[in-house]
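The structure under discussion appears below in the form of structure tokens.
The values are calculated or read from the model by the stated rules, or taken from the named source; none is laboratory data. All of these numbers come straight from a predicted model, not from anything done at the bench. With ideal geometry, Cβ positions are generated from the backbone for all residues, glycine too; neighbour counts draw on all protein chains shown. With ligands, DNA and RNA removed, areas are computed over all heavy atoms of the protein, side chains included. Shrake-Rupley method; radii C 1.70, N 1.55, O 1.52, S 1.80 Å.
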Amino acid sequence: CSAFPVSIFFIIINEFCERFSYYGMKAVLTLYLTYFLRWDENVATIVYHSFAALCYLTPLLGAIIADSWLGKFKTILYLSIVYTAGQAILSVGSVSELTDHNRDGLPDNSALHIALSMVGLVLIAIGTGGIKPCVSAFGGDQFEDDQEEQRSTFFSLFYVAINSGSFLSTLITPNLRASECGIHTKQRCYPLAFGVPAILMAVALVVFIIGSKMYKKVKPQGNVLLQVCKCVGFAIKNRFRHRSKEFPKREHWLDWASEKYDKRLIAQTKMVLKVLFLYIPLPMFWALFDQQGSRWTLQATAMNGDFIVNPVLIIIMVPVVDYVVYPLVKKCKINFTPLKKMTVGMFFASMAFVAAALVQVQIDKTYPVFPAAGQAQIRVINLGLIQGEVRFQPQLHTVELFRNEETGYMTFETSKLKSIDIISPMAETSLPLNLTAKERYTLIFEWKVSYIETHLILDNVTSKPKEGNNLVRFINNLGYTVNVTMDDMDFGVLPHLSVSNYSIVPATKVPYIIQASQTGSVSYCTGLSKKFGFGSAYTISLDKCNSTLDTVYFEDVAPNTVHMAWQIPQYFLLTCGEVMFSVTGVEFSYSQAPSNMKSVLQAGWLLTVAIGNIIVLIVAGASQLSKQWAEYVLFASLLLVVCVIFAIMAYFYTYIDPNEIEAQLSKEEKEEDKKDQDDDEKEDDSRM
């Protein structure tokens, strides 16, 4: 019986592919909801955490189906088919060409894409959640009772498969999304980012089916979770029936179930409920932890840089904490119990959100100020050879501009700013204004010997460019009509002093090639652009065309200046918190419960994750906080309060040894059986 079952390799490969599929899809989900479906950040956060909550509620359903009806094999098989279908539907829903009839790269019928995406996410949640409690247990079933060592090796390999799949997918799928694809118009490649996880899930399903003839399939034997629930329900109902003072009190309220359930089940349920009581404060940790995929992802889009840090930190921190930190603490003779570790983990997570709030404050400082209600912003650019004086009437402001100088955006009440006077040494002009509130304008002017030529342009930029992209447009100041291109982007034909529309330009580490071709002529000139960062907008003036093209840059929106590296402290703290809280929590739970009640505690643990995500839904939906940093501080404060409560609960907790208690129960059962046997023998003797 010492041979290693071949069947478990199919299970391990299946788990690797499934975890790649799930975490790969989840890594880009918030960005998809925000930038493809074009939902508000709060709505995207609510949908993301609703999906996460559903993923951790459905394991209860999966465990009941497997243990009470279909068995683990059929449950994994059928729900994997549902899972694969969900991934495929989500991938199809991300193809903009389904409804992009005008070929502008944007879906024309968003309702269809939303419907497909939501159906896909629900099916994925049912699939991934339903198989979650079954796969590891099904792997354990492949071993005989005397193969404890081989079973332990399997669970280690299973854990490696989980972490490898999630690690690789979190690195790969964001890069797949960042690539550009499309039939008519190139755009962020969500079909590829979702399609690869869908293919991996299909591979997981095929691999699982291939090994079907090798599996040891245990028949359903009833769900212990249902037994515990029935025992608790009967105890409450029976206690309510006997609430009168004429009935004597019992040592524990669960003892009211003794009329129907045996002592062993009642004693085991008492041990489980003792641990589950400690679970009450835990959802707050998950409320913060799971915001890595929502709020923190969106925070990163407003920063400068492009790298992934969290999966790397997890791989590094687990062995560091286990083999460096804990041994050092032990050498210092500090009694670092599991519950103390969990308390420290919660504190680290709270501090991670304080760090996130500090980063957010710095990000907010870089945001441009856009006009509020009743206001408009206007800037003036002098493209002429001679300086001019600009007066904002009636007598609001005066500024003098030299060639290729600008005023920067200035904010005015729309009801007060009536006109702009431009005065040069040779001429002057007055431009009446009727500005629209909450809009930005650019006024360009140039001296023309006897008059001043002016152009008032509506800028159409009232927020930071999304996804770290940049916006670029051109002004033709060359004196003749040109066609302007920048690499493969065509900005069209621009007459003198006309302005192109903004085009989206991705961040680049190398300059683009700008070319201005004179219409009706073979002559052209080229030049290199600046290296564009993240989240900026520029108006580029084509100034001179000699041997090379000279350009002047006017900054419409400043680029992101807070680097993503500043997120490392918050990820480091949260990862430390995860290692000390999550890993320790599972180990503690298993050490404090009977062997046949592990699934009940697993269900309770997963339920705390689901409730944590529901907490985020409530806060995101009800919060009246206008600043994101304030919401981070709110979550940090809530977890800090919960951390104190949990520390108090942990202080009064008494550790138990379930094996000792079960051994005592077995001894008592044997003594009772022997007593019953002796009583029966005495009764038989008396009859004789």
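Observations on the model:
- Residue in region 361-375 that is of a type outside the set (Ser, Thr, Tyr) and in contact with a helix residue (DSSP H, G or I) (Cβ under 6 Å, 6 or more places away or on another chain) present: yes
- Of the criteria (1) open to solvent by 30 Å² or more (accessible area, probe 1.4 Å); (2) assigned by the TED database to the domain that holds Ala27; (3) not small (Gly, Ala, Ser), which one Lys245 fails: (2)
- Residue check, Tyr23 hydroxyl-bearing (Ser, Thr, Tyr) and buried (at least 24 other Cβ atoms within 10 Å of the Cβ): no
- Selected residue [assigned to a helix (DSSP H, G or I) and open to solvent by 80 Å² or more (accessible area, probe 1.4 Å)] from Ile236, Ile162, Ile183: Ile236
- The residue that is farthest from Ala352 (Cα to Cα), counting only those in region 619-637 that are open to solvent by 50 Å² or more (accessible area, probe 1.4 Å) and outside any helix (DSSP H, G or I), is Gln624.
- Residue that is surrounded by the most Cβ atoms within 10 Å (Cβ to Cβ), among those in region 493-516 that are more than 16 Å from Arg473 (Cβ to Cβ) and of a type in the set (A, V, I, L, M, F, W, C): Ala507
- Matching residues, region 26-45, being surrounded by fewer than 21 Cβ atoms within 10 Å (Cβ to Cβ) and of a type in the set (Val, Ile, Thr): Val43
- Candidate set: region 254-276, residues that are in contact (Cβ under 8 Å) with a residue 40 or more places away in the chain and not aliphatic (A, V, I, L, M); chosen: the one farthest from Ala356 (Cα to Cα): Lys263
- Breaking point among (1) open to solvent by less than 30 Å² (accessible area, probe 1.4 Å); (2) over 20 Å from Thr297 (Cβ atoms); (3) touching a Leu at 6+ places or on another chain (Cβ under 7 Å); (4) modelled with pLDDT of 90 or more, for Ile89: (1)
- Lone qualifier among Val510, Val499, Val505 - being under 33 Å from the mean Cα position of the chain (by Cα), at pLDDT 90 or above and outside the structural domain of Leu31 (by the TED database): Val505
- Which numbered condition Ile266 misses (of (1) assigned to a helix (DSSP H, G or I); (2) open to solvent by 50 Å² or more (accessible area, probe 1.4 Å); (3) not assigned by the TED database to the domain that holds Lys74): (2)
Residues checked against (1) surrounded by 15 or more Cβ atoms within 10 Å (Cβ to Cβ); (2) polar (S, T, N, Q); (3) modelled with pLDDT under 90:
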position	(1), (2), (3)
Ser419	no, yes, no
Ser424	yes, yes, yes
Ala427	yes, no, yes
Pro432	no, no, no
Thr436	no, yes, no
Leu443	yes, no, no
Trp447	yes, no, yes
Thr454	yes, yes, no
Thr462	no, yes, yes
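- Search result, residues across region 248-263 that are outside any loop (DSSP other than H, G, I, E, B) and either open to solvent by 100 Å² or more (accessible area, probe 1.4 Å) or within 18 Å of Ala663 (Cβ to Cβ) (or both): Trp253, Lys263
- Close pairs (7 angstrom Cβ cut-off, 6 or more residues apart or separate chains): under 25 Å from Phe289 (Cα atoms) and open to solvent by less than 10 Å² (accessible area, probe 1.4 Å) in region 592-612, at pLDDT below 85 and small (Gly, Ala, Ser) anywhere: Leu601/Ser589; Leu601/Ala593
- For region 125-143, taking the residues that are in contact with a Gly (Cβ under 9 Å, 6 or more places away or on another chain) and among the aliphatic types (A, V, I, L, M), the one that is most open to solvent (accessible area, probe 1.4 Å) is identified as Ile126.
- Considering residues of region 164-202 that are under 20 Å from the mean Cα position of the chain (by Cα) and among the basic types (Lys, Arg) only, the residue farthest from Glu18 (Cα to Cα): Arg188
- The set of residues in region 186-202 that are surrounded by 14 or more Cβ atoms within 10 Å (Cβ to Cβ) and of a type in the set (D, E, K, R) contains only Arg188.
- Leu205 passes every criterion in (1) at pLDDT 85 or above; (2) open to solvent by 30 Å² or more (accessible area, probe 1.4 Å) apart from (2).
- Single residue of region 203-226 satisfying the filter (over 36 Å from the mean Cα position of the chain (by Cα) and in a helix (DSSP H, G or I)) that is farthest from Ala85 (Cα to Cα): Met214
- Filter result for the condition that a residue is more than 30 Å from Gly374 (Cβ to Cβ), β-branched (Val, Ile, Thr) and in contact with a Leu (Cβ under 9 Å, 6 or more places away or on another chain), over Val484, Val472, Val493, Val449: Val484
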